[in-house]
Amino acid sequence: MRSLIADHGRYVESFRVFLENSTEHQCMQEFIEKQLPGVISSIGNGKSTINILSVGGGAGEIDLQMLSKVRARYPGVTINNEVIEPNAGQIFSYKERVAKTSNLENIKFTWHKETAHEYESRMNAEKESKKWDFIHMVQMLYYVKDIPATIRYFHQLLEAQAKLLIILVSGTSGWETLWKKYGSRLPLNDLCSYITSADIKVILDSAGLKHQLYELPSHMDITSCFMEGNTDGELLLDFLTEACEFSKTAPPELKQQIMEELRKPECSEERDGKILYNQHRCNLDHRLKHCRNQYVSSD
């Protein structure tokens, strides 16, 4: 088996099918609409410019939604939005999206084609320590080698009233069960790690960082995974296991075990003839006490 991340084209296809079959974006949008205004309520107090750092900004869809909330909370304030993103294709898509979006006149965009580690190395080499009012990491910590060190580095870049927002899969989701049970037998490599909000909470607690955990319900229709030869089902299995061509390359015993695991109540529920995978996201908001889906916000 090969890591899915090693085949960019296959990864993009599997991610597309994942979005089509999940409530991922609806879940994110609900958080942005209902919870984010509270998270950012004090980041720009008394400031003429708000500095925002997007770590792993991807194609910018979520970034622009969050920026709209910052603009609504601080009308007329200049926003300096810098993006760290290692994939040139994603940066191109981000720039296209910005060009097609109105009401961005007071927002300055800067893109850096680099990883979080490369950004840190560059800043250290240039002896810079720019401070930020809002830093967010949306579904990107899976691709970081030293997660505690990365969190510590970006946390120290926060201004006094700033927030660090981390979004990744919840420790109560099917991902937690699947990855913890079978992760050692899947093609984990230096490009990807199996981590959930439960692991991030331990890291934040160990570092003595206050945080608020937001649990957001989300699901993915994985019915097609159980249809032999179904193309979308095979791509979803790749996404679930982070393995390229999992259905064709996994040892038969492992494949059977994972297919059985996916139907267990710890991972999924059957509703209206569909098998719905529990992929809760968690947002961790550091500096508050606030977590696919959990959001963690910290400061």
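Just so it is clear, none of the values below were taken in a lab; they were calculated from the coordinates. What you see is a predicted model; the values in this text were computed from it and never measured. So basically every Cβ, Gly included, is an ideal-geometry build from the backbone, and we count neighbours across all protein chains shown.
Could you state the principal axis extents of the C-alpha atoms in the range 51-197, from the largest down, to the nearest angstrom?
Projected onto the principal axes, the Cα atoms of the range 51-197 cover 51, 35, 30 Å.
Within straight cross-link reach of LYS163, meaning Cα distance under 13 Å, which aspartates and glutamates are found once same-chain residues fewer than 8 apart are removed?
Qualifying aspartates and glutamates at Cα under 13 Å: ASP133, ASP285, ASP299.
What distance in nm separates the simple spin-label points at LEU254 and ARG152, each placed 7 Å from Cα in the Cβ direction?
Output for this residue pair reads 3.3 nm.
Would you mind listing how long the range 136-221 runs along its three principal axes, going by Cα atoms, in whole Å with the largest first?
That gives 42, 30, 21 Å along the principal axes, largest extent first.
Roughly what % of Cα-Cα distances in the chain sit above 25 Å, to the whole percent?
Summing the P(r) of the chain above 25 Å gives 48 percent of all pairs.
Given labels modelled 7 Å from the Cα in the Cβ direction, how far is it in nm from PHE226 to THR110?
Reported label-point gap for PHE226 and THR110 is 5.2 nm.
Take the eigenvalues of the Cα gyration tensor for the range 83-126, scale each by 5, and report the square roots as semi-axes in whole Å, largest first.
Working from the Cα gyration tensor, I get semi-axes of 24, 13, 5 Å.
Tell me whether the range 103-185 comes out rounded, prolate or oblate; compute the Cα gyration tensor, take square roots of the eigenvalues as a ≥ b ≥ c, and use a/c under 1.5 as the rounded threshold.
prolate
Can you tell me how much longer the chain between SER68 and ALA160 gets when fully stretched, taken as 0.36 nm per residue apart minus their C-alpha distance, in nm with one decimal?
Net length gain for the segment: 30.9 nm.
Please enumerate, by chain and number, the aspartates and glutamates with C-alpha under 14 Å from the C-alpha of LYS255, excluding those fewer than 8 residues away in the same chain.
Of all the aspartates and glutamates, those that pass the test against LYS255 - Cα under 14 Å, at least 8 places apart if same chain - are GLU228, GLU234, ASP238, GLU242, GLU245.
Given the chain, what percent of its DSSP beta bridges are antiparallel, to the nearest 5?
Bridges in the chain that DSSP calls antiparallel: roughly 50 percent.
Which entries in the list LYS34/LYS181; LYS34/LYS145; LYS47/LYS95 go over 29 Å, if you measure between the two C-alpha atoms of each?
LYS34/LYS181; LYS34/LYS145
Could you tell me which of rounded, prolate or oblate describes the range 14-89, using a ≥ b ≥ c as the square roots of the eigenvalues of the alpha-carbon gyration tensor, with rounded for a/c under 1.5 and, failing that, prolate when a/b is larger than b/c and oblate otherwise?
In terms of gyration-tensor shape, oblate.
How large is ³J(HN,Hα), in whole Hz, for each residue of the range 233-241 in order, when computed from phi with the Karplus curve 6.51 cos²θ - 1.76 cosθ + 1.60 and θ = phi - 60°, using x for Gly and Pro?
Coupling constants for the range 233-241: x, 5, 5, 5, 4, 4, 5, 5, 9 Hz.
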